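Right, one structure below, let's go through it.
The values are calculated or read from the model by the stated rules, or taken from the named source; none is laboratory data. Remember, predicted model here, so these are calculated numbers, not experimental data. FYI the Cβ positions are ideal-geometry reconstructions off the backbone, even for glycines, and counts take in every protein chain you see.
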Amino acid sequence: MRKDYRHILTAAALSLAMLLGNGAACMASDMTLAGAGSADEEADQGDEILPKDEMLTVLGSHSILTNELVADEYEWVKVNLAGSYMPYVIEHAEGNPNVIHFLYERAHGGESPESFEYTDEERAHKLPLLGDDVTALVPLLMQWDWRWGFDWYGGGPAGLTACAPTCMAMIGFGLTGDESITPRQMSEYSWNSGFWVDGSGTSWSLVTNAFPDKPISCQKISPDMYTIKAELDAGHPVLINVGIGKFSAVGHFMILAGTDADGNFILNDPNNLENCSRTWPWDELSTEVQAAWSYVYNG
């Protein structure tokens with residue numbers, strides 16, 4: 001049974017990002033493929049795009065995305081934005097209604113505000129998609145959040161290119177509580193530091209050098225269940241890189257932000273909200289994870 005998102009309409013807007021998993025990552029753009037239900041669920045779903053008829057909008061206005069609205073927007077996007085992005089961007093947006101809405105709003109003049117604040121929910125690391133009382137080691141941020149998604153980063157809008165900076169912002173803000181660490185700030189730092197590589201995306205150098213002025217250490221770890229779980233149990237969020245597969249059409253960075261009572265992993269996917277609405281057993285992650293990094297706050 002898919003999760004009903006309607007109860008979080010008063011929650012904070014979330015955010016997202018994408019990348020290319022080949023040593024230099026985060027290129028515009030990978031539309032996440034995961035989150036699809038079973039064959040029976042897909043049959044029951046029919047022509048609906050959304051897992052339920054209503055879902056929190058990407059832009060943080062607490063309005064409602066409906067299947068009818070997103071279907072109309074997707075038809076408009078396919079016709080009017082053809083050739084504007086890499087072909088897979090629009091093709092795979094069909095399974096990610098928030099990205100459809102982001103592309104539509106950007107084409108109609110959407111802009112990010114000059115300044116913004118984190119929400120109380122984000123400060124508390126609450127994850128309403130998993131339950132009102134669920135918290136994680138770091139908050140969930142989405143690269144296409146209206147607060148920073150329309151900013152330009154590297155080869156396109158941050159909503160399509162700033163996956164790595166968004167993950168780094170989750171870790172930096174989550175570990176230190178420093179609200180100056182944001183996806184916008186991290187994108188600017190990455191760009192100014194030369195971590196954006198034309199034709200490739202964000203270099204993996206950002207992953208290990210994201211916090212030069214913060215007491216945060218990064219260590220590349222073995223991408224196996226026991227090592228990752230030990231890091232999470234110690235309070236250390238883990239960044240993972242996945243290649244082409246169930247989570248991505250080109251590669252992607254995501255964060256493992258804890259485990260539940262059954263030992264399943266809390267996944268902060270900065271691209272796809274539905275992937276964040278459940279926890280993941282290791283056997284569904286093991287074939288996807290190519291590399292992993294642990295982050296420790298030494299303050």
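Values computed for the structure shown
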{"read-out": "Candidate set: segment 201-243, residues that are assigned to a loop (DSSP other than H, G, I, E, B) and closer than 15 Å to C163 by Cα; chosen: the one modelled with the highest pLDDT", "value": "A210"}
{"read-out": "Residue list for segment 209-232, restricted to those being in contact with a strand residue (DSSP E or B) (Cβ under 8 Å, 6 or more places away or on another chain) and loosely packed, with under 15 Cβ neighbours inside 10 Å", "value": "P215, S217, Q219, K220, S222, T227"}
{"read-out": "Tabulated pairs, segment 226-241, first within 14 Å of V138 (Cβ to Cβ), second of a type in the set (S, T, N, Q) and crowded, with 16+ Cβ neighbours inside 10 Å, C-beta under 7 angstrom, 6+ apart or interchain", "value": "E231/S294; L232/T259; H236/S294; V238/S294"}
{"read-out": "Some residue of segment 119-130 being at pLDDT below 90, farther than 16 Å from C276 by Cβ and aliphatic (A, V, I, L, M)", "value": "no"}
{"read-out": "Every residue from segment 266-285 that is surrounded by fewer than 24 Cβ atoms within 10 Å (Cβ to Cβ) and more than 22 Å from W148 (Cα to Cα)", "value": "S277, R278, T279, W280, P281, W282, D283, E284, L285"}
{"read-out": "Qualifying residue in segment 154-166 (condition: surrounded by 24 or more Cβ atoms within 10 Å (Cβ to Cβ), part of a strand (DSSP E or B), of a type in the set (S, T, Y) and in contact (Cβ under 8 Å) with a residue 12 or more places away in the chain)", "value": "no"}
{"read-out": "Residue ID - modelled with the highest pLDDT, chosen from residues in segment 131-171 that are charged (D, E, K, R) and under 25 Å from N264 (Cβ atoms)", "value": "D133"}
{"read-out": "For V197: the one exception among (1) modelled with pLDDT under 90; (2) aliphatic (A, V, I, L, M); (3) within 14 Å of the chain's Cα centre (by Cα); (4) more than 23 Å from I100 (Cβ to Cβ)", "value": "(3)"}
